[in-house]
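Down below is the structure, laid out as structure tokens.
The values are calculated or read from the model by the stated rules, or taken from the named source; none is laboratory data. All values reported here derive from a predicted model rather than from experimental measurement. What goes into the accessible areas is simple: the full protein's heavy atoms, side chains included, and nothing from ligands, DNA or RNA. Shrake-Rupley method; radii C 1.70, N 1.55, O 1.52, S 1.80 Å.
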Amino acid sequence: GGGAAGGGTTGGGAAGGETECDVLWRAVPSHVYDPGRHGFRVSSVAENVANLRRIVRLIREHVPSASIVFTLSPVPLAATFRGVSCVTANSASKAILRAAVDELLREVHGGGERGGGGRGGGGGLG
């Protein structure tokens, strides 16, 4: 969760959803899961950067002066759809998301470092 206006924890690097209409679910409920209809894939750094840009744009449209804080949850994945261990999937997921936040912050701040960054590895847009 987030604390400040526009704050929030960056979600997982894996996406699950309906292949027919590209709807994303945090987790497909087991009682409706259908392997012919639902699929999972690892999202790319580029996809996550594009999503973060859209989030920033929406916040700026509605609350131009909002401080935006991105954090990356330290909570590890409990399961994975991939053929690798949860430790491996978790490491890859966190790395993808951290790289996406870093790329966005470098775009916004012209390559320099600014704001956040402390122990949590977060970053901010002021």
Tell me, what is the 1.4 Å probe accessible area of PHE40, in Å² to the nearest 10?
90 Å²
I'd like the accessible area for THR88: 1.4 Å probe, protein heavy atoms, all chains in place, Å² to the nearest 10.
70 Å²
HN-Hα J couplings of region 35-48 from phi, Karplus 6.51/-1.76/1.60, θ = phi - 60°, integer Hz, Gly and Pro as x?
x, x, 10, 10, x, 9, 7, 8, 7, 8, 4, 4, 5, 5
Hey, any idea what the orientation-averaged projected area of the convex hull of region 29-88's Cα atoms comes to, in nm²?
6.6 nm²
